[in-house]
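Worksheet: one structure, shown below.
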Amino acid sequence: MKYLFTLALLFCSSLTSHIAQAQPAEKTTKSPTLIHSLQGYSINNHADTGAPVVSEFSTVVIDNGRFIAVGNETLAKVYPKATMVDAKGQMMLPGLIDAHGHLLNLGLNMLRVDLRGTPSLKDALSSIKDYAKANPELDWIVGRGWNQVLWPTKQFPTAADLDQVESKRPIMLNRVDGHAAWVNSIALELAGIDDNTPDPAGGIIQRDANGKATGILIDNAMELVKAVRPAINEATMTKAMTLAQQRLLSEGITSMHDAGITAAEYHLYKKLAQQNALSVKIYAMLNSEMPELESIVKQGKVSMPHLTIRSVKGVADGALGSRGAALIEDYSDKKGHKGLLMLPKKRLDYLNQFLSQHGFQLNVHAIGDQANNTVLDSFEDQLTAEQRNNLRPRIEHAQVVQLSDIPRFKQLGVIASMQPVHATSDMNMAGDRVGEERLQGAYAWRAYLSQGTIMASGSDFPVELSNPWHGLYAAVTRQNQQQQPKQGWRPQDKMTLMEALRSFTLDAAYAGFMEKEMGSIEVGKQADFILLEQNIFKQSVQTLWNTKVAQTWLDGKLVYSREK
Ligand SMILES: [Zn+2]
């Protein structure tokens with residue numbers, strides 16, 4: 001489909017608004033709610049052509065959790081007995097959908113030491129020290145978010161640094177991208193890692209010139225320490241997930257795609273759905289390498305209130321920051337190094353075969369051009385065109401892709417699941433890792449959009465903040481929040497605000513087989529929407545990241561209201 005609409009078109013008089021969707025007579029079932037005096041917008045699919053159409057409206061009517069009418073103020077006459085809500089001119093948009101996040105980790109991070117954005121090793125160490133002191137009951141100090149690239153030295157930290165802060169309890173701190181861990185000496189000892197421990201498959205134990213483990217573990221080497229960490233119990237998981245969902249609702253997210261869950265999360269999600277305890281609509285992907293994968297998939301798709309499970313997430317490679325992403329040629333800043341392919345083609349082929357038999361979608365994390373190429377090959381040679389059409393395979397991230405592979409997303413009907421904030425977080429590092437030439441196919445949103453590839457956006461929280469307004473801002477400006485670089489980084493790949501919103505609503509819904517239920521404000525759809533005090537179409541895009549959500553509604557019920 002084509003993205004014909006730009007922001008300018010929104011205000012163009014020839015725009016066809018869908019304002020005539022009112023039902024002819026009032027339904028007699030329940031008492032509906034009518035919200036009027038709105039500046040309402042939604043990006044819908046054209047009924048015949050499927051092309052995106054911007055709809056503008058000022059009134060909606062909701063009954064039994066769904067929109068039963070979308071139109072203008074005359075609807076008040078059609079529904080005289082409805083409960084009237086005056087929106088006082090606020091902007092209404094569909095609830096936002098984050099197509100790639102990690103709910104439990106977001107919640108656990110809210111409970112753990114958070115090192116995101118720390119400007120130096122010294123600051124990181126002092127945060128860890130404060131946290132350790134404030135949480136004397138914890139057996140392990142666990143946290144996440146450090147990024148040595150932001151530090152003046154740009155050097156990886158060491159176990160010795162951490163030993164100065166805490167020498168009695170083990171510490172494990174994941175890098176911001178989740179693909180490296182920084183641990184102290186006790187953690188190394190508990191995991192049995194010494195100078196003679198070989199690197200595990202798909203992982204690296206970083207060592208100094210004398211062969212001594214430094215305390216940095218990359219990709220699969222992280223598992224050695226994870227394996228000796230006590231498991232989190234269900235009560236902690238539930239607490240973390242509840243906190244995370246409240247955060248999402250406050251930011252305007254009504255649905256999220258959980259990109260890789262364990263068997264424990266699978267069972268907990270089902271239990272929470274049964275208890276009607278999911279406050280955000282969850283589309284969860286099973287982790288492809290969990291031992292229980294086959295048995296869970298064979299139990300069939302899960303379709304419960306606020307919970308859908310019919311997909312699997314694989315991780316084909318690592319990340320660029322830690323040079324774990326699998327590249328075809330050497331890293332530009334590390335000769336002889338091409339990163340790591342964590343899922344070989346044979347394994348991908350098996351997953352495609354097995355999952356297609358059970359009607360499950362396969363969504364594969366692929367960051368480097370080698371990983372993307374291998375995953376595309378597997379989708380191409382293991383699935384028929386009809387299977388791809390039905391199963392909607394996705395590549396998660398698609399960060400660095402050979403130019404010759406980009407058209408294959410369209411040819412094969414592969415969804416590109418992108419995280420706009422990654423582009424602005426990585427802009428100072430990506431060029432170092434892959435060089436100018438390969439950047440042409442990096443974070444190349446325009447190429448995907450102009451060929452008509454469905455692009456679903458997300459944040460990859462908690463790798464990045466969950467706030468979707470940061471993603472929308474990064475998508476349309478390709479700038480950081482200090483408005484740098486001036487024209488945006490590789491500005492040719494900016495999205496329009498319409499395209500960005502569509503990728504966070506209807507196209508994200510499509511990526512989770514939900515486009516008939518959510519993602520736009522149309523008659524018959526679930527009444528998931530947000531109200532904003534300001535109209536983001538009528539203000540500078542520079543303030544977009546700072547947008548505050550006034551209210552969030554789910555299934556026609558108010559579930560979040562901003563304190564004033
Ligand atoms: Zn992720």
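The values are calculated or read from the model by the stated rules, or taken from the named source; none is laboratory data. All values reported here derive from a predicted model rather than from experimental measurement. Cβ: placed from backbone, ideal geometry, glycine included. Neighbour counts: every protein chain shown. Just the protein is used for accessible areas: all its heavy atoms, side chains included, with ligands, DNA and RNA removed. Shrake-Rupley method; radii C 1.70, N 1.55, O 1.52, S 1.80 Å.
Given R0 = 25 Å, the distance between the Cβ atoms of Lys81 and Ser303 translates into a calculated FRET efficiency of 0.15. Round to the nearest 0.05 the FRET efficiency obtained for Gln482 and Glu436 when R0 = 22 Å and r is the Cβ-Cβ distance. Taking R0 as 22 Å, the efficiency between Gln482 and Glu436 is 0.40.
Given +1 on the Cβ of Lys and Arg, -1 on the Cβ of Asp and Glu, and no further charges, what dipole in debye does region 146-305 carry about its Cα centre, rounded to the nearest 20?
On the way: 15 positive and 18 negative charges, 130 e Å.
It works out to roughly 620 debye.
Roughly what % antiparallel, to the nearest 5, for the DSSP beta bridges in region 68-182? Percent antiparallel among DSSP bridges in region 68-182 is about 20.
Roughly how tilted is helix 234-250, in degrees to the nearest 10 and between 0 and 90, from the longest Cα axis of the chain? The two axes meet at around 50 degrees. Can you bin the chain into rounded, prolate or oblate? Criterion: square roots of the alpha carbon gyration tensor eigenvalues sorted a ≥ b ≥ c, rounded for a/c under 1.5, prolate for a/b above b/c, oblate for the rest. Judged from the Cα gyration tensor, the chain comes out prolate (a/c at least 1.5, a/b above b/c).
Under 24 Å from the Cα of Lys486, which lysines turn up, not counting those fewer than eight places away in the same chain? Once the sequence-local lysines are set aside, what remains near Lys486 is Lys494, Lys538. Restricting to bridges with both residues inside the chain, how much of the DSSP beta-bridge set is antiparallel, in percent to the nearest 5? Roughly 50 percent of the beta bridges in the chain run antiparallel, per DSSP. Which shape class, rounded, prolate or oblate, goes with region 508-564 when its Cα gyration tensor gives a ≥ b ≥ c as root eigenvalues, a/c under 1.5 marks rounded, and past that a/b bigger than b/c marks prolate? Because a/c hits 1.5 or more and a/b fails to exceed b/c, region 508-564 counts as oblate. From the alpha carbon centroid of region 406-420 to that of region 225-293 is 27 Å.
Explain nothing, just the number: relative contact order of the chain, from Cα pairs under 8 Å at least 6 residues apart, as a whole percent.
On the way: 1247 pairs, mean separation 92.6, N = 564.
That works out to 16 percent.
A dipole drawn for the chain from +1 and -1 charges on Cβ atoms has a positive end, and of Val541, Val61, Gly40 the residue lying farthest that way is Val61. Distance from the Cα centroid of region 390-405 to that of region 299-351 is 11 Å (rounded to whole angstrom).
Compared with the dominant principal axis of the Cα atoms in the chain, helix 369-382 is inclined by about 60°.
Using +1 at the C-beta of Lys and Arg and -1 at the C-beta of Asp and Glu, which of Gly324, Ala423, Ala160 has the Cα lying farthest in the positive direction of the dipole of the chain? Positive-most Cα among the choices belongs to Ala423.
Dipole magnitude of the chain about its Cα centre, charges +1 at Lys/Arg Cβ and -1 at Asp/Glu Cβ only, in debye to the nearest 20? Intermediate values should be presented prior to the final figure.
Working: 57 positive and 58 negative charges, 208 e Å.
Dipole about the Cα centre, nearest 20: 1000 debye.
Ligands, DNA and RNA are left out, and with a 1.4 angstrom probe the accessible area of the chain is 40 Å² per residue.
Rank-order 546-554, 441-449 by packing density, defined as the average count of other C-beta atoms within 10 Å over each peptide's residues, highest first.
Working: 546-554: 19.7, 441-449: 21.2.
Ranked by mean Cβ neighbours within 10 Å, highest first: 441-449, 546-554.
What dipole magnitude, in Debye to the nearest 20, does region 404-531 give about its Cα centre under +1 on Lys/Arg Cβ and -1 on Asp/Glu Cβ? Let's see the in-between values first.
Details: 12 positive and 14 negative charges, 60 e Å.
Using Cβ point charges on Lys, Arg, Asp and Glu, region 404-531 gives about 300 debye.
The distance linking region 100-129 with region 539-564 is 25 Å (Cα centroid to Cα centroid, whole angstrom). Scoring 70-79, 215-224, 390-399, 236-245 by mean Cβ neighbours within 10 Å over their residues and listing the highest first yields 390-399, 215-224, 236-245, 70-79. Less than 12 Å from a label point 7 Å out along the Cα-to-Cβ axis of Gln357: which backbone N atoms in region 278-310 qualify, by residue? Counting backbone N atoms under 12 Å from the label point, the list is 294-295, 298.
You can think of it this way: the chain between Gln451 and Glu289 has 55.0 nm of extra reach, that is 0.36 nm per residue less the Cα-Cα gap.
Which of the peptides 39-47, 118-126 is most tightly packed, and how do the rest follow, going by the mean number of other Cβ atoms within 10 Å of each residue? Each step should come with its number before you reach the end.
Working: 39-47: 20.0, 118-126: 16.2.
Ranking the peptides 39-47, 118-126 by packing returns 39-47, 118-126.
Hey, what did region 194-273 get for relative contact order, percent, Cα under 8 Å, at least 6 apart? Worked out over region 194-273, it gives 18 percent.
Carbon-plus-sulfur accessible fraction, the chain (probe radius 1.4 Å, protein heavy atoms only): 51%. Rounded to the nearest 10 degrees, the inclination of helix 121-134 to the longest alpha-carbon principal axis of the chain is 80 degrees. Restricting the count to DSSP beta bridges whose residues both fall in region 139-210, what percent are antiparallel, rounded to a multiple of 5? Around 40 percent of the beta bridges assigned by DSSP in region 139-210 are antiparallel ones. Cα gyration tensor of region 203-290, axes a ≥ b ≥ c as square roots of the eigenvalues: rounded (a/c below 1.5), prolate (a/b > b/c) or oblate? Prolate, since a/c reaches 1.5 and a/b exceeds b/c. With each label modelled as a point 7 angstrom along the Cα→C-beta vector, the Asp123-Asp333 pair spans 1.9 nm. Within the assembled protein chains, the solvent-accessible surface assigned to Arg175 is about 10 Å², based on a 1.4 Å probe. Normalised by the number of residues in region 267-342, the average gap of Cα pairs under 8 Å and 6 or more apart makes the relative contact order 25 percent. Label zone of Tyr350 (point 7 Å out along Cα→Cβ, amide N under 12 Å): in region 262-296 this covers 289-291, 293-294. Spacing of the modelled spin labels on Glu234 and Ala209, each 7 Å from Cα toward Cβ, amounts to 5.4 nm.
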